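All remarks here apply to the structure that follows.
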Amino acid sequence: MKAEAPAGVYERKFVDLVLDDVELDGSFSGYASLFGKVDLGRDIVERGAFAGSLRRRGASGIRMLFQHDANQPIGTWARIEEDARGLFVRGQLATGVARARDVLALMRAGALDGLSIGFRAVKTRRNAASGVRRIIEADLWEISVVTFPMQPGARIATVKAQPGCFDQWQLAARIRKATHLINPKGKPA
């Protein structure tokens with residue numbers, strides 16, 4: 001049986017990222033937490049759990065870190081909000097910082113694909129039969145880009161590119177689309 005964390009203890013929850021388009025300027029968006037999904041730590045975050053923190057701190061008061069290391073801030077959150085699915089985030093890596101440039105390169109390469117929330121559980125309820133803990137209220141402190149995610153279903157949806165700049169994958173997709181428009185049935189010319 002997993003022991004309940006004492007009140008006031010800092011906790012972390014990890015989620016995956018999905019990188020569709022990687023922006024050269026370091027901006028990205030996705031979900032830092034999913035509601036109603038059991039994570040690998042046997043916790044479920046309830047809808048509304050972050051509402052109090054977001055009202056008090058706003059997006060600018062939640063830190064963006066690398067691997068939960070307070071000595072490695074890598075950017076800022078422009079938007080953090082709860083929706084029906086989970087905790088949606090939109091952030092900007094500080095590409096003037098060496099670590100943030102490293103993170104961006106790793107995200108673009110698909111080598112770094114996790115998000116993790118750092119919080120203090122304020123109100124929880126544990127199901128004695130299943131052992132699953134429901135996080136009803138959490139004091140959100142930070143959201144980190146990490147290597148290993150705890151919540152496999154929560155992911156970054158996009159990491160965008162600067163207007164007019166394409167990486168090789170974006171260029172290939174545009175060429176395929178244009179080719180299909182010219183020759184929709186794929187027959188040789």
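Readers should treat all values here as calculations from the given coordinates under stated rules, not as data from a laboratory. Quick caveat, the model's predicted, so the values are computed rather than measured. Reconstructed Cβ throughout: ideal geometry from the backbone, glycine too, with neighbour counts over all protein chains shown.
Residues with beta-carbon under 10 Å from that of residue 49, excluding residue 49: net charge, scoring Lys, Arg +1 and Asp, Glu -1? Once all neighbours under 10 Å are counted, the net charge is -1.
Under a Cβ-Cβ cut-off of 9 Å, what is the net charge of the residues other than residue 137 that fall near it, where Lys and Arg count +1 and Asp and Glu count -1? Could the numbers behind the result be given before it?
Details: positive: 123; negative: 46, 139.
In short, -1.
Amide H contacts under 5 Å for residue 132: 127, restricted to partners 5 or more places along the chain or on a different chain, H placed in the peptide plane at 1.01 Å from N.
Separation between the residue 136 and residue 24 pseudo-spin-labels, each 7 Å from Cα along Cα→Cβ, expressed in nm? Simple spin-label model gives 5.1 nm for this pair. In a simple Cβ point-charge model (Lys, Arg +1; Asp, Glu -1; nothing else charged), region 71-117 has a dipole of about 180 debye relative to its Cα centre. Sparse packing (at most 13 other Cβ atoms within 10 Å of the Cβ) combined with a DSSP loop state is found for none of the trypsin sites (Lys or Arg not before Pro) in region 83-156.
Prolate is the label for region 10-163, because the ratio a/c of its alpha-carbon gyration tensor axes (a ≥ b ≥ c) is 1.5 or higher and a/b is greater than b/c. Per-residue extension of 0.36 nm, minus the Cα-Cα distance of residue 122 and residue 147, leaves a gain of 6.3 nm for this segment. Note on residue 69 and residue 42: the model spin-label points, each 7 Å out from Cα along the C-beta direction, lie 3.2 nm apart.
³J(HN,Hα) across region 62-78 via Karplus (A = 6.51, B = -1.76, C = 1.60, θ = phi - 60°), whole Hz, x for Gly/Pro? Coupling constants for region 62-78: 9, 7, 9, 10, 9, 6, 6, 8, 4, 8, 10, x, 10, x, 9, 9, 8 Hz.
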